Amino acid sequence: MSKQHFNFGFSERNYKLLLVGLGINVLGFLLMIGGGSDDPNKFDASELFSNIRITVAPALIVLGYVVIIYSIMKKPQVDSHAEEIVVKPQHKEPVQAQKSEKGKK
């Protein structure tokens, strides 16, 4: 019996790129959280408006989404030994057309 290879929409490389993009997104969101104070009477603008929180983290999030979109849109390479599976419709006996009563006049 011959071994059949299936060609899925995602290859191993697509999945790796997708996980890398998700990791970049999570890192960006983790860098963005925080900046609050335990004491409501204390305001620290340098902690709240740090360059990492307002510049680097959003850039990482956008980069993560770009990598995710690329991993989804990238067409996987087709192996030369992969067989293409073709499903042929089953042929049924033709149904004879019935003549209508109006057409017999």
### Query
Quick one: Debye curve from the C-alpha atoms of region 12-62, no solvent, what's log10 I(q)/I(0) at q = 0.19 Å⁻¹?
-0.66
#### Entry: Under 30 Å between alpha carbons - lysine pairs in region 1-77 that sit 8 or more apart or on different chains
5
## Note on the structure
Whole-Hz Karplus couplings 3J(HN,Hα) for region 33-41, θ = phi - 60° and coefficients 6.51, -1.76, 1.60, Gly and Pro as x, run 6, x, x, x, 10, 6, 9, x, 8
### Summary
With x for Gly and Pro, the residue-by-residue ³J(HN,Hα) of region 48-62, computed from phi through the Karplus equation 6.51 cos²θ - 1.76 cosθ + 1.60 at θ = phi - 60° and given in whole Hz, is 6, 10, 6, 4, 5, 6, 9, 10, 5, 4, x, 5, 5, 5, 5
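We did not get these values from a lab; they are worked out from the coordinates using the rules stated. Because the structure is predicted, anything quoted here is derived from the model rather than measured.
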